[in-house]
Amino acid sequence: MLRSCAPRLRTLGALRGLTGGARPAVGDAGPALRLFSSEKFIDKDRSLPNPSWSKEIRLLFDQFMKKCEDGSWKRVPSYRYISPQDSKPTKEEGQMSRARIFSRSYDDGLGFEFVMFHNDVEKRTVCFFQGGPHLQGPSGLLHGGALATMIDVTGGVTAIMTGEFVMTANLNINFKRPIPLGSVIVINSQIDKVEGRKFFVSCDVQSVDEKTLYSNATGLFISLDPEKK
Ligand SMILES: CC/C=C\C/C=C\C/C=C\CCCCCCCC(=O)SCCNC(=O)CCNC(=O)[C@H](O)C(C)(C)COP(=O)(O)OP(=O)(O)OC[C@H]1O[C@@H](n2cnc3c(N)ncnc32)[C@H](O)[C@@H]1OP(=O)(O)O
């Protein structure tokens, strides 16, 4: 069921660094730590390096943090939980009270390790992704659904960074080459066209040396109709 508009806009604001929270670091699109309203619980920003990150993804992270210094790029923060003020007004109970954002639901190193950087002028996002052992599909290879998740999230962030809260309406993915589990890949996403509430986004997925095109994709993201909210 769709939630009301205002909480979503607060989430959007936090994502774009437009609202309060802990002080953002230079080059960040938002707060590094998110204090929940009770101030008893701190949800850490999971797009920062952790011990499971390989040298390769750390190097890419460092390179792009440098690009953030002149403000042209911003690191996109990423959390495990939706903060209580952005959640449904009714108290969630049982299993639902433990809800996590899917792409951040695994412990460090086991699932989706990634960081995204966004360029507002170019309307594009780059994601560095390292898929952990719990994302295996065929032996030793990344599951296609895990890649689809990352394409969805990267494309979704590219659209969301325009300031609209969007939902994914359509994804078309060509899986061209299998991805070795644990390797680092680069997902580039850009907005090709905007028609009213429709954001047409394309993505390509490559090896770090750009020699292998693993996948390409297009997606349609639609911002919510105020009449229907
Ligand atoms: C969800 C995340 C939650 C919290 C995140 C928290 C923090 C943010 C941090 C990070 C963000 C990460 C990015 C998120 C990535 C994950 C995104 C998702 O997983 S979303 C979940 C999967 N998607 C859905 O469940 C969507 C289900 N569908 C719908 O709710 C609706 O169909 C819709 C997409 C909202 C559109 O419904 P509307 O009633 O608003 O639109 P319409 O009036 O029907 O159509 C408008 C326009 O668009 C065309 N159209 C609609 N659907 C399609 C389609 N599938 N293919 C092509 N075209 C489509 C339609 O024809 C109309 O066109 P027009 O006539 O030219 O205007």
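The values are calculated or read from the model by the stated rules, or taken from the named source; none is laboratory data. Since the model is a prediction, treat every value here as computed from it, not as a measurement. For neighbour counting, all protein chains shown are included, and Cβ atoms are generated from backbone atoms with ideal geometry for every residue, glycine included. When the accessible area is computed, the model is the full protein with side chains, heavy atoms only, and any ligands, DNA or RNA have been set aside. Shrake-Rupley method; radii C 1.70, N 1.55, O 1.52, S 1.80 Å.
Please go through region 111-179 and write out the GluC sites (Glu not before Pro) that DSSP classes as loop and that have at most 15 other C-beta atoms within 10 Å. Provide the component values of the computation, followed by the final result.
Details: sites: Glu113, Glu122, Glu164; in loops: Glu122, Glu164.
When the GluC sites (Glu not before Pro) of region 111-179 are filtered for loop state and at most 15 Cβ neighbours within 10 Å, Glu122 remain.
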With 0.36 nm assigned to each residue of separation and the Cα-Cα distance removed, Glu227 to Val194 gains 9.9 nm
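Give, rounded to the nearest 20 debye, the magnitude of the charge dipole that region 140-220 has about its Cα centre when Lys and Arg contribute +1 at Cβ and Asp and Glu contribute -1 at Cβ.
140
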A 1.4 Å probe over the protein heavy atoms gives region 113-229 a carbon and sulfur accessible-area percentage of 49
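Could you state the accessible area per residue of region 134-210 in Å², with a 1.4 Å probe and every protein chain left in place?
On the way: 3590 Å² over 77 residues.
Counting only protein heavy atoms, the per-residue value for region 134-210 is 47 Å².
What is region 61-187 by shape, rounded, prolate or oblate, if you read a ≥ b ≥ c off the alpha carbon gyration tensor as root eigenvalues and call it rounded for a/c under 1.5, prolate for a/b larger than b/c, and oblate otherwise? Each step should come with its number before you reach the end.
Numbers: a/c = 1.57, a/b = 1.05, b/c = 1.49.
Since a/c reaches 1.5 but b/c is at least a/b, the shape of region 61-187 is classed as oblate.
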